[in-house]
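For reference, the structure is listed below as structure tokens.
The values are calculated or read from the model by the stated rules, or taken from the named source; none is laboratory data. Only a predicted model underlies this, so the values are computations on that prediction, with no experimental measurement involved. Here the Cβ positions follow ideal geometry from the backbone for every residue, glycine too, while neighbour counts run over all protein chains shown.
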Amino acid sequence: MFKKRKLFYYSEEHVSYVEAKGVRMRFIAGGIVFTIVLFSALGMINNYYGDIFGIGFKTSGALVEENSLLKEQVRTLNSRLVELSDMLQQLAQSDNQLRTAVNLPKIDLDVRAMGTGGAALEKLDGLVSKDANELLSSSALLLDKIEKEIAFQKQSYHQIYSKHEENKSLFASLPAIKPMVGTYSYHGFGMRRDPFLGVMRMHEGVDIHNDIGTPVYATGDGVVEFSGATGSSYGIALEINHGFGYKTWYAHLSRCVARTGQRVKRGQLIAYSGNTGRSTGPHLHYEVRRNGIQQNPVEYFVDDVDYEKIKSQLASNSVK
């Protein structure tokens, strides 16, 4: 073990050597003071000459200049955020035009404002200056508002896209074309005198007169729910479920081409006209029902349908 060394000095007062106490502590304290003074001096020199030692200290002037530059950058950012918010407002107007085009209700600006308003954010009082606090709070509020506007817009665009896809399916499924070439009883839908019973009865469709064996086409996309003999006054008949609540019936047929469960396209050959069931002569009885309620088929007809063109389009699509 090391022995603790002691320091002695000669005292004339005691005429002997006396132990020197407290010298070590005074030496250490002096060293600390010297070190502090030295580093303070070096720091002042470093700051004065622009951080020549690369320590990273900045003068108060440099900090003020940097703070001013950062504030100006935040102001510029805020201006750009305001411009971006204005652009989103213009998109909102276009969005409403798209919603109208796909038969969706417009979104009022008040409703949008309620859905995209900026939330109250935490202040930085005591941490930064008042003007810096206001700038940062303004930026945070604008960012929050823009984020909500973008999310709101994305949701609206998703609704528009979904409605557009639904509309494409709906438009393809609507019974919009005439099912057969022939002479149409355009005023045959509604109450009329029954040719067999001689009493007024509801006639739930239209009659299309032509020779037996005239091609009958699907009036819209759908799935065949029934195909064959009905055992009723309809004779041989075919029913298509078009979806969206629409169904069509084709009665008094001579022969069905499409089978139960088969998916068919508008303009596709599904049967041939005939004179089966309770019929006074060769014709096609055609009905349109929506949600189980009889509709006047004439109101769905699109004039000047070129069946040959439809068939060529169907053939082209099947090749693809």
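Taking segment 254-307 only, how many residues are of a type in the set (Phe, Trp, Tyr) and either closer than 15 Å to Glu225 by Cα or modelled with pLDDT of 90 or more (or both)? Working first, answer last.
Of all residues in segment 254-307, those of a type in the set (Phe, Trp, Tyr) come to 272, 286, 300-301, 307.
Now restrict to residues that are either closer than 15 Å to Glu225 by Cα or modelled with pLDDT of 90 or more (or both): 272, 286.
Looking only at that region, the number is 2.
Of the strands (runs of 3 or more DSSP E) lying entirely inside segment 200-284, those carrying at least 3 residues that are out of contact with any helix residue (DSSP H, G or I) (no Cβ under 9 Å at 6 or more places or on another chain) and closer than 24 Å to Tyr300 by Cα are 200-203, 206-209, 222-229, 236-243, 246-256, 269-273.
On the given criteria, is Gly182 at pLDDT below 85 and not hydrophobic (A, V, I, L, M, F, W, C)?
So Gly182 does not fit the description; no.
Once segment 277-291 is narrowed to residues that are under 44 Å from the mean Cα position of the chain (by Cα) and charged (D, E, K, R), the residue that is surrounded by the most Cβ atoms within 10 Å (Cβ to Cβ) is Glu287. Scanning segment 227-248 for residues that are of a type outside the set (Gly, Ala, Ser) and either under 17 Å from Asn291 (Cα atoms) or touching a Pro at 6+ places or on another chain (Cβ under 6 Å) (or both) yields Glu239, Ile240, Asn241, His242, Phe244, Tyr246, Lys247, Thr248. Residues in segment 146-162: is at least one modelled with pLDDT under 80 and either assigned by TED's automatic domain parsing to the domain that holds Arg290 or not polar (S, T, N, Q) (or both)? Among the residues of segment 146-162, at least one is modelled with pLDDT under 80 and either assigned by TED's automatic domain parsing to the domain that holds Arg290 or not polar (S, T, N, Q) (or both), which makes the answer yes. Cβ separations smaller than 7 Å between residues 6+ apart or across chains give the following pairs from segment 143-155 residues that are free of Cβ contacts under 8 Å to residues at least 60 places away in the same chain and within 21 Å of Leu77 (Cβ to Cβ) to residues that are surrounded by 12 or more Cβ atoms within 10 Å (Cβ to Cβ) and polar (S, T, N, Q): Lys148/Thr116.
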